[in-house]
1. Quick check on my filter: what residues within segment 172-197 are part of a strand (DSSP E or B), touching a residue at least 24 places away in the same chain (Cβ under 8 Å) and away from ligand 2 (no atom under 15 Å from the Cβ)?
2. Looking at segment 169-212 only, could you name the residues that are more than 20 Å from the chain's Cα centre (by Cα) and over 26 Å from residue 225 (Cα atoms)?
3. Could you list all residues from segment 312-350 that are buried (at least 18 other Cβ atoms within 10 Å of the Cβ) and part of a loop (DSSP other than H, G, I, E, B)?
4. Does segment 357-373 contain any residue that is under 21 Å from residue 339 (Cα atoms), away from ligand 2 (no atom under 16 Å from the Cβ) and touching a Lys or Arg at 6+ places or on another chain (Cβ under 8 Å)?
5. Here is a list of conditions, (1) touching a residue at least 24 places away in the same chain (Cβ under 8 Å); (2) away from ligand 1 (no atom under 12 Å from the Cβ), and residue 282 meets all of them except one; can you say which number that is?
6. Which count do you get for residues in segment 59-94 that are under 14 Å from residue 115 (Cα atoms) and of a type in the set (A, V, I, L, M, F, W, C)?
7. If you take the residues of segment 201-223 that are in contact with a helix residue (DSSP H, G or I) (Cβ under 8 Å, 6 or more places away or on another chain) and among the hydrophobic types (A, V, I, L, M, F, W, C), which of them is farthest from ligand 1 (Cβ to nearest atom)?
8. Taking into account only those residues within segment 209-223 that are more than 10 Å from ligand 2 (Cβ to nearest atom) and not in a helix (DSSP H, G or I), which is nearest to residue 271 (Cα to Cα)?
Amino acid sequence: MVSIENGAIAVAASCHGAAAGKTIATEGVVLPPASQSNGAQPETDPSRKRKMTSLPLEVGTRVNCRWRDGKYHPVKVIERRKLPSGGANDYEYYVHYTEFNRRLDEWVKLEQLDLNSVETDVDEKVEDKVTSLKMTRHQKRKIDETHVEGHEELDAASLREHEEFTKVKNIATIELGRYEIETWYFSPFPPEYNDCTKLFFCEFCLNFMKRKEQLQRHMRKCDLKHPPGDEIYRNGTLSMFEFIAILLFLIEYFMSIFATHDTVDGKKNKVYGQNLCYLAKLFLDHKTLYYDVDLFLFYVLCECDDRGCHMVGYFSKEKHSEESYNLACILTLPPYQRKGYGKFLIAFSYELSKKEGKVGTPERPLSDLGLLSYRGYWTRVLLDILKKHKGNISIKELSDMTAIKAEDILSTLQSLELIQYRKGSMSYVRILRSWIVILKPQAVVALKSMSVN
Ligand code: ACO
Ligand code: ZN
């Protein structure tokens with residue numbers, strides 16, 4: 001096993017995504033909201049006006065589009081491009097389905113659009129500006145506090161430029177091990193990859209190439225069979241590798257620049273960490289337009305066989321987090337999703353927090369799938385304890401037992417509608433269904449009787 005190396009690179013990635021809703025769609029897994037799934041025309045918003053349709057459609061146009069379910073859904077035109085062999089008005093359009101997550105944005109042909117439903121936004125520019133400038137407090141702090149020579153100016157204009165540049169997916173598919181995977185979001189690959197829509201990754205060192213033959217040549221000489229760092233967990237064919245890295249991740253003027261502080265042993269981590277960042281960004285919709293030079297720990301989960309250790313997912317965490325974050329980014333690669341690996345990675349992050357004697361929480365905002373996974377994990381862990389527990393238990397005790405932050409415990413119980421504050425008093429809480437719980441002023445929850453469905 002390889003020992004932990006200091007001083008290579010890490011990703012600083014704050015995750016961004018919509019709050020959990022009914023629309024959770026990944027490749028081939030689609031749950032559209034019931035009210036919009038019948039193909040009926042959505043109600044017209046009075047803030048928008050209809051206009052005579054002239055072709056080609058303008059960027060910003062709102063129109064209904066026939067999706068892969070055969071039904072029409074409202075979209076916004078994000079970009080357009082001329083068809084190579086087409087006439088003056090022959091364009092295809094990159095659209096965002098307004099009811100769905102951005103990972104379902106795609107290029108569509110004119111015939112998929114219902115031109116009778118065309119609308120233009122009156123307040124288009126204002127609305128766009130507000131969205132583009134939305135940043136988390138944490139991201140803001142990163143920009144404010146991290147001084148990088150010559151790159152201090154991250155103003156609204158460069159944020160807008162960045163938004164503009166990343167709005168269309170650049171890489172459509174990747175090949176990784178035995179899988180061909182459709183990507184979800186833009187990732188800032190170096191400029192020499194601008195002309196590619198497909199990339200070929202070595203599944204062991206995560207180097208990426210433009211052509212299959214290059215990958216085949218690479219595979220003949222690549223001697224890595226598992227991620228760098230220490231194997232810190234093994235159970236059957238599952239292994240977890242931990243490595244540490246430091247990364248300065250910049251995206252400005254449409255470029256990403258990785259600067260690292262190498263030690264003698266740092267090179268392997270640096271290259272792997274950098275490649276992992278490029279790969280992960282294809283499935284994470286976070287904003288990376290800020291500088292970060294913190295030390296990060298990476299935990300890479302693999303399924304191992306006689307050919308080597310095949311990455312199924314990972315999470316990263318800041319080595320020292322002021323905000324008590326115990327996880328920065330989490331990803332399960334799409335072919336391995338919905339098999340429980342996400343929950344395993346989350347559980348692992350809390351086990352690490354327990355070992356450190358700390359409580360932890362994931363970095364915000366959570367993506368839709370991130371929130372779903374965390375809610376599921378928190379619910380299960382808390383209800384398991386409450387089911388077995390006799391007598392009083394405080395939120396603090398629950399937090400100490402699980403390493404889950406008190407706020408997350410409360411919000412989970414609230415989302416399950418198990419807690420209700422009494423009018424005019426913060427001191428009493430009732431847990432609904434057959435639970436009676438009293439929260440005393442010192443935040444003690446008394447469980448008098450309980451049964452969980
Ligand atoms: N639709 C509906 N439910 C889903 C879907 C889906 N597409 N995918 C997962 N779920 C549910 C599962 O049913 C399960 O529910 P349960 O707790 O009630 O049993 C729960 O989510 C977790 O499922 P897992 O199989 O344990 O998780 P998975 O391996 O699929 O990984 C993850 C979850 C990591 C969020 C994955 O979806 C992913 O990588 N998404 C893209 C990247 C991302 O959004 N990461 C989170 C960003 S936020 C942050 O990093 C702090
Ligand atoms: Zn390789």
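The values are calculated or read from the model by the stated rules, or taken from the named source; none is laboratory data. Quick caveat, the model's predicted, so the values are computed rather than measured. FYI the Cβ positions are ideal-geometry reconstructions off the backbone, even for glycines, and counts take in every protein chain you see.
1. As a first pass, look at segment 172-197 and keep what is part of a strand (DSSP E or B): 173-176, 179-182.
Next, only the ones that are touching a residue at least 24 places away in the same chain (Cβ under 8 Å) stay: 173-176, 179, 181-182.
Those that are part of a strand (DSSP E or B), touching a residue at least 24 places away in the same chain (Cβ under 8 Å) and away from ligand 2 (no atom under 15 Å from the Cβ): 173, 179, 181, 182.
2. Selection gives 191, 192, 194, 195, 196, 197.
3. Of everything in segment 312-350, those that are buried (at least 18 other Cβ atoms within 10 Å of the Cβ) and part of a loop (DSSP other than H, G, I, E, B) turn out to be 328, 333, 337.
4. yes
5. All conditions pass for residue 282, except number (2).
6. Count: 4.
7. Once the filter is applied, the top-ranked residue is 209.
8. 210
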